[in-house]
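First comes the structure, then the notes that go with it.
What follows draws every value from the coordinates through simple rules; no lab data is involved. Keep in mind it's a predicted model, so treat the numbers as computed, not measured. Using ideal geometry, Cβ is built from the backbone for each residue, glycine included, and neighbour counts are taken over all protein chains shown.
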């Protein structure tokens, strides 16, 4: 059982961490969420072998853990300035942006509500459809679309204001 869990961790931990990081906008919270989920799975014993889809189970569990930690730590819009200064967006070889642009984008993303960051991450970085996002997050497709639209509108608004004021 432990060997199976190690394989699952190796396969999914990195992507789950990126997902948790986008929801929480905080490296410590993302790390804690992923670790908590795997600790809980370890405590499940042989019942972990009954999970039909590790990917679906882990995503839901990490999502729930993130929101629980956010609630406990009160990481919300009011304390964005206290969030980690470590980057939440990785530079990829294909999409190299200069450091200043990346920092600006990260700052704007951190200003979004966790639910909007989550949908934005799934749509942009995971290329999920709004229907898939709704299903994975337990909301309607319309709610997922609204969260995505609101996130994009807010990103445009903030970037426009910063560009014209700075």
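Taking the number of Cβ atoms within 10 Å of each Cβ as an exposure proxy, the fewest-first ranking of 63, 102 is 102, 63.
Report, to one decimal in Å, the Kirkwood hydrodynamic radius for the range 95-166 based on all distinct Cα pairs. Computed over the range 95-166, the radius equals 12.9 Å.
Taking only C-alpha pairs under 8 Å that are 6+ residues apart, what is the relative contact order of the range 95-166 in percent? Could the numbers behind the result be given before it?
Values: 41 pairs, mean separation 20.8, N = 72.
Value for the range 95-166: 29 percent.
Taken over the range 1-85, the convex hull of the Cα atoms encloses 82 Å³ per residue. Taking the number of Cβ atoms within 10 Å of each Cβ as an exposure proxy, the fewest-first ranking of 9, 150 is 150, 9.
As a footprinting exposure proxy, order 38, 160 by other Cβ within 10 Å, with the fewest listed first. Walk me through the numbers before you get to the answer.
On the way: 38 19, 160 10.
Result, fewest neighbours first: 160, 38.
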